[in-house]
Each structure stands twice: as structure tokens, then as C-alpha cells.
1. Among the residues of the stretch 108-124, write down those that are assigned to a loop (DSSP other than H, G, I, E, B) and open to solvent by 10 Å² or more (accessible area, probe 1.4 Å).
2. For the stretch 226-284, which positions are in contact with a helix residue (DSSP H, G or I) (Cβ under 8 Å, 6 or more places away or on another chain) and aromatic (Phe, Trp, Tyr)?
3. Conditions: (1) within 16 Å of the ligand (Cβ to nearest atom); (2) among the charged types (D, E, K, R); (3) surrounded by fewer than 17 Cβ atoms within 10 Å (Cβ to Cβ); (4) outside any loop (DSSP other than H, G, I, E, B). Arg345 meets all but one. Number of the miss?
4. Listed residues Ile137, Ile186; which is hydrophobic (A, V, I, L, M, F, W, C) and under 19 Å from Tyr65 (Cα atoms)?
5. Could you check the stretch 333-381 and list, in sequence order, the residues that are basic (Lys, Arg) and within 18 Å of Glu232 (Cβ to Cβ)?
6. Only one residue in Val416, Val374, Val365 is over 28 Å from the mean Cα position of the chain (by Cα), open to solvent by less than 50 Å² (accessible area, probe 1.4 Å) and among the β-branched types (Val, Ile, Thr), so which one is that?
7. Taking the options Tyr339, Tyr408, name whichever one is among the aromatic types (Phe, Trp, Tyr) and assigned to a helix (DSSP H, G or I).
8. List every residue pair whose Cβ atoms sit under 9 Å apart, with the two residues 6 or more apart in sequence or on different chains, where the first one lies in the stretch 288-307 and is of a type in the set (Gly, Ala, Ser) and more than 15 Å from the ligand (Cβ to nearest atom) and the second, anywhere, is at pLDDT below 95 and assigned to a strand (DSSP E or B).
Amino acid sequence: MPKKPAVSAKHAEASVRISARGADRLQSRHPWVYRSDISEEKDVPPGAVVRVLDSRGKFLGSALYSSSSQIAIRMISHGSVPDLPALVAERIRAAIAYRKENDLVRNTDAYRIVFSEADFLPGLIVDRYNDVLSLQILTQAVDTAPVREAIVQTLRDELQPAGIVERVDARIRELEQLPPRQSGVIWREKSSSVINMNGVRFHYEGFEGQKTGAFLDQRENYAAAAQYAHGEALDAFCYQGGFALHLALNSAGKCSSVTGVDSSRPALEMAEKNAALNVTLNATLNANLNGRELEWIEANAFDLLRDYSAANRRYDTIVLDPPAFAKSKRDLDKALGGYKELNLRAMKMLRPGGILVTCSCSFHVSPADFLKVVAGAAQDAHKSLRVIESRGASKDHPILLNVPETSYLQCLILSVSN
Ligand code: SAH
């Protein structure tokens with residue numbers, strides 16, 4: 001006689017009923033339903049997998065539930081999910097395969113392996129920094145012990161890292177009402193490494209710096225910028241030297257000098273160390289770099305651009321990659337003002353034929369808004385600009401069509417004429 005399957009707790013899933021508006025949203029292929037669109041929920045435990053029903057009780061799929069976020073559920077499957085850890089493992093393997101099969105990652109050992117919703121794994125980010133993996137857990141469901149175990153085991157099996165570190169965003173844990181936790185190494189010991197992006201080396205320190213350590217989403221834009229950069233170059237928000245070092249080392253000698261500016265001293269110290277690392281590692285790079293001036297200046301970029309422009313300082317290449325000015329919709333006008341001011345000053349300082357690389361990483365600033373602001377700056381600067389390239393994040397940060405939140409980074413490469 002066939003054995004009766006055990007009715008495990010996993011099968012006794014809770015369900016939530018959602019409004020017509022919530023169902024429309026799912027229908028549009030967006031995975032989020034806000035709390036205001038949940039019409040019925042009973043005793044759903046934090047972080048549970050829930051069955052999602054429409055107003056008539058029709059089953060729409062399975063979602064991860066959060067008891068505290070305004071985003072009450074994030075869809076994870078159109079079917080039933082009897083075993084979440086197994087599904088998470090499968091999705092991680094699929095994310096790795098997606099990048100491999102489409103040959104999305106080139107000339108680097110540092111890239112994003114799992115990008116949350118864009119890899120159908122809401123609440124999980126995994127970045128690879130050579131032999132160290134860094135993960136971030138952003139939701140209640142992904143923070144449960146069995147899911148954590150599945151993540152670490154799958155990453156170990158698939159990628160054989162020398163270390164896995166967890167970067168904790170304390171604010172997110174608080175918002176998700178998760179117990180406080182320290183960042184730390186969660187597998188083996190290694191938490192620092194040296195990474196390679198387009199042939200340029202960078203120190204990686206697992207618990208330092210912004211994001212999970214580096215701006216991997218700009219990696220392809222570094223290479224693109226270096227292709228057009230020339231003459232005297234300024235990288236106004238240089239962080240640890242991502243653009244600046246590419247301009248100095250990868251522009252085939254076209255940049256005669258590179259100045260990196262940032263308001264953060266630790267970021268500049270790392271930039272300096274990164275420059276030194278490339279010099280010791282590679283004799284050709286060394287020769288490339290030695291002939292050129294490479295300087296790092298600690299300053300407020302707004303003040304520096306104003307002072308330099310008042311002093312008639314001119315450049316041939318300027319990179320603007322400021323922090324996200326619009327953290328929420330409310331900041332939009334102020335953010336647009338900030339982008340306008342920066343771009344206007346930069347355009348005025350660029351010689352004819354000069355290159356402006358200008359970025360926005362504010363999700364709330366749409367591509368149309370950003371283009372409009374840059375065009376407005378051109379008008380005020382009395383310059384004509386041609387768009388050489390309109391770019392986004394590196395391909396290992398997929399954009400999920402119909403989920404605008406996955407498309408946040410814009411990078412325009414422009415040629416300036418009088
Ligand atoms: N282009 C960098 C990332 C820049 S992130 C890269 O690809 O790696 C934004 C940087 O702007 C941060 O390093 C931050 O320290 C710096 N920053 C923020 N406000 C600033 C200001 N007013 N002036 C100069 N730098 C600023």
C-alpha cells in the first residue's frame with residue numbers, strides 16, 4: 001500500500017486574500033502586494049510562505065509574507081511551495097546558470113550572483129568578490145534558519161568560496177522587525193580579497209565601505225567611460241577609485257591626468273591603496289600610471305566644482321556619480337536640483353569635445369527625468385551635447401521588466417560641443 005504522505009507543517013500554509021487592485025498588480029507581473037491591498041489575513045506568522053487568493057478565493061500563487069513591511073507579500077511562485085529552502089536553493093542555482101548561459105559576466109571576478117526580485121528571490125542579495133561571497137538578507141522569510149542554511153549550502157556547493165560574509169543593514173532588520181544581528185563571517189574565515197574588474201585590481205574588505213563593498217553595478221560603465229575619456233580628467237564622487245583608476249589605467253594612455261574627489265577620507269585612502277596595488281601588480285600598468293598624474297582630493301564636490309569653475313579650471317573628461325539624492329519620492333525636486341547644479345557646473349568646465357559621464361542611482365529619478373535635467377543643464381550652460389551611450393547597471397544586475405524598482409542606475413556618456 002502506498003504510504004500516505006505526511007501532512008507536514010509546511011503544507012499547512014496560511015493564506016491571504018487580496019483586493020482586486022492587489023490582484024491587478026500581480027497580473028501586471030509585479031511581485032509586490034501592499035498591506036493596504038490585503039483584504040483578509042488570519043494569524044499569519046512573520047516570514048511565512050502564504051497562499052495568495054483573489055477576492056473570490058481563486059489561488060494566484062505563493063508569496064513570502066512580512067508582518068511589518070508595507071510590502072506585505074512578495075510573490076515567489078505561481079504554484080504551491082511545499083519546501084521553501086529547496087526552492088531558494090533551486091533559484092540560486094538558476095541565477096548562477098542565467099549569468100553563465102548568457103555569458104553576462106566578462107573580464108571580472110566580482111559580480112552580483114543573486115539580485116533579489118530580479119532573480120525571483122525577493123529579499124536576498126549575493127555578491128561575489130573573487131573567492132569571497134557577501135550576502136545580504138532583507139526580509140523575514142529569507143532570515144529563517146532553514147532558508148539561511150539552504151543559502152549557505154548551495155553557495156558552498158556551487159561556488160566553493162574561501163569565505164562567506166553577511167553584511168547586515170541594521171535599519172532594514174529594524175524595519176522588518178528582525179532581531180539585531182552583527183555583520184560577520186558565516187562560512188570559513190576569509191573576509192577580504194583582491195578583485196579584478198576589467199583588468200584593474202581593487203582591494204575588497206568584507207565589512208568596509210558602501211553597499212556590499214564595491215559598486216559592482218558600475219563595472220561595465222567603468223570600461224565604457226575609459227573608452228572615451230581623454231586629456232585632463234576629474235572623477236567628482238570617486239569613492240575607492242572605480243572610475244578614476246579605469247581612466248588612469250584603461251584609457252590607452254589618453255588621459256594625461258586624473259583627479260579623484262570624494263568627501264570620505266576612508267574611501268580616498270582605499271583609492272590610494274588600490275592605485276598602489278595596480279602599480280605593484282603589473283609593470284605595463286605601472287608604466288601607464290607613472291607618466292600620468294593621479295591625485296586624490298578630499299572635498300565636497302559641489303564646493304570644489306564651484307571654486308574650480310570660478311577659477312576657470314578646465315577639463316576634458318568629467319565623471320559625476322553622486323550618491324542617490326532622492327531616497328524617497330518626497331526628495332525628488334531637491335534631487336533634481338542637485339543633479340542640475342552638478343551637471344551644469346561640469347558642462348561649463350568641459351572643453352569642446354570633452355566627455356561627460358553622468359550618473360544617477362536614485363530609483364525615484366526616472367530615465368526621462370534624468371535626461372530632462374541634463375538637457376536643462378545643457379541649455380543653461382549654452383552647450384550642445386551628443387549622447388554617445390545611454391547605459392544602466394551591469395548585466396549581472398538584471399532589470400526585471402514590469403518591476404521598475406529593479407532599474408535604478410542610469411549612466412549617460414555625452415560629448416560636449418559649444
Ligand atoms: N563612483 C563610485 C561610487 C560613488 S558613490 C564608484 O563607482 O565606486 C558616491 C560617493 O560620493 C561616496 O563615496 C561618498 O563618500 C561621496 N560623496 C557623497 N557626498 C559627497 C559630496 N558632497 N562631495 C564629494 N563626495 C561626496
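The values are calculated or read from the model by the stated rules, or taken from the named source; none is laboratory data. Just so we're clear, the structure is a prediction, and the values are computed from it rather than from any experiment. In this analysis, Cβ positions are derived from the backbone assuming ideal geometry, glycine residues included, and neighbour counts consider all displayed protein chains. Just so you know, the surface numbers come from the protein's heavy atoms only, side chains and all, with ligands and any DNA or RNA stripped out. Shrake-Rupley method; radii C 1.70, N 1.55, O 1.52, S 1.80 Å.
1. Going residue by residue through the stretch 108-124, those that are assigned to a loop (DSSP other than H, G, I, E, B) are 109, 120-123.
Hits for the stretch 108-124 are Asp109, Phe120.
2. Answer for the stretch 226-284, where residues must be in contact with a helix residue (DSSP H, G or I) (Cβ under 8 Å, 6 or more places away or on another chain) and aromatic (Phe, Trp, Tyr): Phe237, Tyr239, Phe243.
3. Among (1) within 16 Å of the ligand (Cβ to nearest atom); (2) among the charged types (D, E, K, R); (3) surrounded by fewer than 17 Cβ atoms within 10 Å (Cβ to Cβ); (4) outside any loop (DSSP other than H, G, I, E, B), Arg345 violates only (3).
4. Working: Ile186 fails: under 19 Å from Tyr65 (Cα atoms).
Result of the check over Ile137, Ile186: Ile137.
5. Going residue by residue through the stretch 333-381, those that are basic (Lys, Arg) are 334, 340, 345, 348, 351, 372.
Answer for the stretch 333-381, where residues must be basic (Lys, Arg) and within 18 Å of Glu232 (Cβ to Cβ): Arg345, Lys348, Arg351.
6. Values: Val374 fails: over 28 Å from the mean Cα position of the chain (by Cα); Val365 fails: over 28 Å from the mean Cα position of the chain (by Cα).
Exactly one residue qualifies, and that residue is Val416.
7. Working: Tyr408 fails: assigned to a helix (DSSP H, G or I).
Only one candidate passes the filter, namely Tyr339.
8. Taking only residues 6 or more apart or on different chains, the pairs are Gly291/Ser256.
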